[in-house]
1. Within the bounds of segment 85-99, is there any residue that is open to solvent by 60 Å² or more (accessible area, probe 1.4 Å), of a type in the set (Ser, Thr, Tyr) and in contact (Cβ under 8 Å) with a residue 60 or more places away in the chain?
2. Which of the residues that make up segment 100-115 are at negative phi and open to solvent by 30 Å² or more (accessible area, probe 1.4 Å)?
3. Could you grab me the full set of residues in segment 127-175 that are part of a helix (DSSP H, G or I), more than 20 Å from Tyr246 (Cα to Cα) and modelled with pLDDT under 95?
4. Within segment 153-188, track down each residue that is of a type outside the set (Lys, Arg) and open to solvent by 70 Å² or more (accessible area, probe 1.4 Å).
5. Scan segment 252-263 for residues that are closer than 18 Å to Ser82 by Cβ and out of contact with any helix residue (DSSP H, G or I) (no Cβ under 7 Å at 6 or more places or on another chain) and jot them down.
6. Quick one: which of Arg213, Arg203 is basic (Lys, Arg) and part of a loop (DSSP other than H, G, I, E, B)?
7. Can you confirm whether Leu231 is at pLDDT below 95 and aliphatic (A, V, I, L, M)?
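The values are calculated or read from the model by the stated rules, or taken from the named source; none is laboratory data. Since the structure is predicted, the reported quantities are computational estimates derived from the model, not experimental observations. Heads up, the Cβs are rebuilt from the backbone with ideal geometry, glycines too, and the neighbour counts pull from every protein chain shown. What goes into the accessible areas is simple: the full protein's heavy atoms, side chains included, and nothing from ligands, DNA or RNA. Shrake-Rupley method; radii C 1.70, N 1.55, O 1.52, S 1.80 Å.
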Amino acid sequence: ETISPKTLNVTLEAISSLCKWCVREGFIERNLAENLGVKDARNPVHLKKAYTADDLRLIFQHPKFSQGKFKHPSYFWAPLISLFTGMRREEIAQLYCSDVYKTEEEKIWVFDVNSFRERDGDKEKKIKSENGCRKIPVHFQLVELGLLDYLSSVKSFGERRLFPELTATAKKGKLGAQIGKQFCGVVDASISNSEKKDFHSLRHTFADFYKQRGLQNDFFVYLFGHRQEKLSARQYGSEYSPKVLYDEIISKLDYGLDLNGLKGKFV
């Protein structure tokens, strides 16, 4: 199986950086890897597929969700958080308990995606871009399923991280690798058309809900962690408030799923 054009270009860029350093240090005369790369002619829309409503019903009917048979709470909660917020896997995996709170002024529960360390000994959080730092309102279905009860339980044990069982991989330092692996196992066992569908497809599903309804506006772009195209929105004025983001985006999200069978699992 060949690597993707994206992976190839990332590798070539790393090689070029090394060669550039070697030129600067006098080990080689010129950078032979400079400007190497291949054109990625693939349509980004086709690289990952969103889950259908039937897919989601089958996935959450799997015993690991419906009967709470996952080994760790993170395997249960992370996919649900991604589905109802559009958050990236690592953004979820890195959450501290202190990153989930009710705002003082508007009394809105939020996930605060930031790069702050809670303690000096903690590793720095990895945020994909400067636009990744944002406050995302908690969807009411996550509250109904018991997320805030789970949060209280974790805090009562003196844990700092929302999912303290997660450990970083040795190679890339990813906290969410096992979350993705566990979820893909459920997907493969639940639906027949699982090709190009994985944990990141939950973020695609979230985005597609708003795309199909013409709601990918400035509010959505900010909440999704992407760069605002309009200079006036990107550079001027204050950030959107959690109340505005809840009213304009999160409150409108309804997949038509009956998730009552998941209530009380991992709280």
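1. yes
2. Tyr101, Lys102, Glu104, Glu105, Glu106, Trp109, Ser115
3. The one that is part of a helix (DSSP H, G or I), more than 20 Å from Tyr246 (Cα to Cα) and modelled with pLDDT under 95: Glu130.
4. Within segment 153-188, Ser156, Phe157, Glu159, Thr167, Ala170, Gln178, Asp188 qualify.
5. Lys252, Asp254
6. After ruling out the rest, the residue left standing is Arg213.
7. Taking the combined requirement at face value, the residue satisfies it.
So that you can scan it fast, the table gives a plain yes or no per residue for (1) closer than 18 Å to Ala93 by Cα; (2) aromatic (Phe, Trp, Tyr); (3) under 17 Å from the mean Cα position of the chain (by Cα):
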| position | (1), (2), (3) |
| --- | --- |
| Thr205 | no, no, yes |
| Asp208 | no, no, yes |
| Phe224 | yes, yes, yes |
| Lys252 | no, no, no |
| Gly261 | no, no, no |
